[in-house]
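Structure first, commentary second.
Nothing in this text is a laboratory measurement; each read-out follows from the coordinates by a stated rule. Treat the numbers as computed from the prediction; the structure is a model and nothing was measured. Backbone-built Cβ (ideal geometry, glycine too); neighbour counts: all protein chains shown.
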Amino acid sequence: MRLTDADALLVALVHGHYIDKMQCGEIKRMVERYTIDAVPVIRCKDCKWYYRGGATCMYWDGENNMRGDDYCSQAERRNDERME
């Protein structure tokens, strides 16, 4: 499964003259029916709280055994590599 920006797709279809505005409503209803509720996440490997050397999360008081592809609601994007 792939996530798609359905709003951008509709704009592209209308502006590209692939569909007319009458069809737009029908397609929008179809897209909404199959839309899932998804949000972007920051993985531990990209988080400023993650210490890669020991697979440790510094936010959660040094919780061990965090995998790089784990994630949580407290993640903040790392903007340097100081904790490598």
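Here's how it looks for Cys47: its modeled amide H is under 5 Å from those of Arg78, which are all 5 or more places away or on a different chain. If R0 is taken as 22 Å, the Cβ-Cβ distance between Glu76 and Ile36 corresponds to a FRET efficiency of 0.30.
Taking every Cα-Cα distance in the range 40-84 and sorting them into 10 Å bins from zero, the calculated P(r) comes out as 33, 62, 5 percent. Note on the chain: dipole from Cβ charges, positive end direction compared against Ile19, Tyr59, Ala6; the farthest Cα belongs to Ile19.
Expressed in units of 2.2 N^0.38 Å, where N is the residue count, the Cα radius of gyration of the chain is 1.70. Enter the angle in degrees (range 0 to 90, nearest 10) between the Cα long axis of helix 21-33 and the first principal axis of the Cα atoms of the chain, meaning the one along which they spread out most. For helix 21-33, the angle is close to 40 degrees.
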